[in-house]
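Asker: Mind looking over this structure? Questions follow.
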Amino acid sequence: MKYYLMAFQKYADFNGRARRSEYWYFFLFNVIFSIATGIIGLAIRVPILSNLYSLVTMIPAIAVGVRRMHDVGKSGWYLLIPIYNIVLAATEGDRGDNAYGPDPKAIM
């Protein structure tokens with residue numbers, strides 16, 4: 001949950017790097033909350049609730065994805081390549097500093 005909240009603290013920060021754990025925990029909690037808001041929205045007969053949640057989390061999701069691509073030494077535009085971006089997101093990040101910033105593992 002810490003990484004999910006960290007993504008919202010860095011709401012529109014497309015600079016720097018994100019560890020695998022930051023990206024994947026954000027992804028996990030985002031899916032869980034998306035399903036929950038969909039179910040709650042249907043239960044209270046406000047189906048737009050799920051859409052609102054998606055709009056709120058869209059920019060943080062893109063930002064954490066771009067930072068994840070930076071961690072493996074790639075541009076954020078690699079998010080647009082369908083299968084390759086998943087492979088990059090699962091790949092261990094560059095050790096030490098790279099062109100996008102210092103190693104987040106060394107900072108923690």
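Quick note: the coordinates plus some simple rules give every number you see, no bench work behind them. This is a predicted model, so every value here is computed, not measured. Using ideal geometry, Cβ is built from the backbone for each residue, glycine included, and neighbour counts are taken over all protein chains shown.
Asker: Please list, by residue number, every one of the trypsin sites (Lys or Arg not before Pro) in segment 4-79 that is coil in DSSP and has at most 15 other beta-carbon atoms within 10 Å.
Answerer: Loop-located and lightly packed - Arg45.
Asker: If you average the alpha carbon positions of segment 20-93 and of segment 1-18, how far apart do those two centres end up, in angstrom?
Answerer: What the calculation gives is 11 Å, centre to centre.
Asker: Okay, helix-only estimate at 222 nm for the chain: each DSSP H run of n ≥ 4 adds -39500 (n - 2.57), divide by all residues, round to 500 deg cm²/dmol; what do you get?
Answerer: The helix contribution divided over the chain gives -20500 deg cm²/dmol.
Asker: Check cross-link reach from Lys10 to the aspartates and glutamates: straight Cα distance under 16 Å, and skip same-chain residues fewer than eight apart.
Answerer: Within reach: Glu22, Asp71.
Asker: Under the definition of Cα pairs under 8 Å and six or more residues apart, what whole-number percent is the relative contact order of the chain?
Answerer: Over the chain, the number comes to 33 percent.
Asker: List the aspartates and glutamates whose alpha-carbon lies under 16 Å from that of Lys74, not counting same-chain residues fewer than 8 positions away?
Answerer: Leaving aside aspartates and glutamates fewer than 8 places away in the same chain, those within reach of Lys74 are Glu92, Asp94, Asp97, Asp103.
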